[in-house]
1. Tell me which residues, restricted to segment 39-73, are basic (K, R) and either over 14 Å from the mean Cα position of the chain (by Cα) or at pLDDT below 95 (or both).
2. Among the numbered criteria (1) modelled with pLDDT of 90 or more; (2) more than 12 Å from the chain's Cα centre (by Cα), which one does N24 miss?
3. Identify all residues within segment 27-79 that are surrounded by 16 or more Cβ atoms within 10 Å (Cβ to Cβ) and of a type in the set (G, A, S); write none if there are none.
Amino acid sequence: MTINNAEDKCLGTSNSTRRNDWWNRECDEAVKKKNVARQKWMKNGAEEERKEYADKRRAAKKLIRNTREKWIQEEMAKI
């Protein structure tokens, strides 16, 4: 029996999924584009690739922040 199996048997397992009702397909796509740009930058190391990655990262953060805040406002309006 491995340590992980013993741990699971003793402590049990849990489903620790995050609850992000505000996360949508646009957020997923922005993060995927950001990750692709980062991989290209890491592979090539070019300054142009770094700038592209920085732009995609900034855009993804802005989209996620705006999406979350819009969802919060909608939830607050329900109260």
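The values are calculated or read from the model by the stated rules, or taken from the named source; none is laboratory data. Since the model is a prediction, treat every value here as computed from it, not as a measurement. Here Cβ is always computed from backbone atoms with ideal geometry, including for glycine, and neighbour counts include all displayed protein chains.
1. K40, K43, R50, K51, K70
2. Exception for N24: condition (2).
3. A30, A37, A60
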